[in-house]
Amino acid sequence: MKELQAAAYEESLDRGGSQVGHPFEEIYPETAQTIRLLKGAFAEPLADAEQNSVDLPASIGRFQVQELIGQGGMGVVYRAIDPDGQGPVAIKVSRCDATIDRRVRRRIAREAIAASTLDHPGIVPVVEVGSSPETGHAIYLVMDWCEAGDLGKWMRYQSKSIDCCTVAAIGTQIAQAAEHAHRNGIVHRDLKPANILLFPKHDTSAKTGLPWTLRITDFGVSHLGDQEFSDTSSGLIVGTPLYMAPEQAMNLSSATEPCVDIFAIGAILYHLLTGEAPFAADSYPGVLLRLQQGQPDPVSSIRPDVDKDLEAVCMKCLQAEPANRYRSAAELAADLNRYLDGVSITLRPVS
């Protein structure tokens, strides 16, 4: 509901009417401020003189910058300290100059709007959205700092097979967070281990003993249910091939529906269980070809010790036809929880 109201508010801004006293601003003042800021920032590119600076700024807004974490085509990421006592944060600073096309600028806006709309313990929140002289007045996004890294990094350092209960617990947390996004009209479209951050926690799960909470990040290619932010009409294939649903690879209209996230969660489960992605190949075209040809090898053909119930859950997510997958991420999470509780799942194990 909030996402639909945000889309209507954004449309009213595009019409240029006066927004004084708009109901959305009264109900969701912070989200409204974010949308107004992004609308203004991406209307025109920055002047050449304000393009990227290679110098490490001492501060960005009120945040004290400590180090450069990474940089890419869309901008840079810093580690910084919040002087208000909130601890370390990550700051993404966008590139909004004339060398960046409209689609990339929209991706930055999409991420900010999506994350500011969602409020769930399994989703990394955007703490603040701003524009600062230190960034050349480019937009920056402030997010919780994750010391433990991402799920992909954790997987690479595993020296033995990951036990089934741990895999099921990881899948449950991801599915629950995805369900929250779907209920708010947002489809992530790029769920993968690198976009699942691990936040350490002091209390461990009674079922699994996981030492961290998983949180989804990077909503840069998410579908927000409005045409302005949709990439499907441009012919652009959105997502990461190793975890991409067939309809994404073929750029079908269903590539904007929750079923693509369910497929991606299944691909993550498969990778956790077998040590490789379901459609792994030596090249990008090879991955897409395998993806379009049909089902991956059964989990048990690679790792025979995996419980049949958990294999059935994983393979249902990876069905080529969206209608044959779980109808919702909530149903997927419920079956994974049944498995963890030792209760029969809703599926018949694969033969």
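Readers should treat all values here as calculations from the given coordinates under stated rules, not as data from a laboratory. Keep in mind that what you see is a predicted model, and the values were worked out from it rather than measured. Virtual Cβ from ideal backbone geometry, glycine too; neighbours counted across all protein chains shown.
Here the 3J(HN,Hα) profile of the stretch 244-250, calculated from phi with Karplus coefficients 6.51, -1.76 and 1.60 at θ = phi - 60°, is 8, 6, x, 5, 6, 4, 9 Hz, Gly and Pro shown as x. Each residue of the stretch 124-132 was assigned a 3J(HN,Hα) from its phi angle through the Karplus expression (A = 6.51, B = -1.76, C = 1.60, θ = phi - 60°), giving 5, x, 8, 6, 7, 10, x, 9, 9 Hz with x at Gly and Pro. In this structure the amide hydrogen of V127, modeled in the peptide plane, comes within under 5 Å of the amide hydrogens of V142, M143, D144, none closer than 5 places in sequence on its chain.
Dipole magnitude for the stretch 151-341: computed about the Cα centre from +1 point charges on Lys and Arg Cβ and -1 point charges on Asp and Glu Cβ, it is near 400 debye. Shown for D163, D190: other C-beta atoms within 10 Å of each C-beta, ranked fewest to most, produce the order D163, D190. Here's the picture: charge each Lys and Arg Cβ at +1 and each Asp and Glu Cβ at -1 in the stretch 151-341, and of G171, Q292, A320 the one pushed furthest to the positive end of that dipole is G171. Listed from fewest to most Cβ neighbours within 10 Å, the set D55, D297 follows the order D55, D297.
How high is the relative contact order of the stretch 151-341, in percent, with contacts defined as C-alpha pairs under 8 Å that are six or more residues apart? Before the final figure, lay out the partial values.
Working: 304 pairs, mean separation 50.5, N = 191.
Relative contact order, the stretch 151-341: 26 percent.
Going by Cα centres, the stretch 293-351 and the stretch 109-184 are how many Å apart? When both Cα centres are located, 24 Å separates them.
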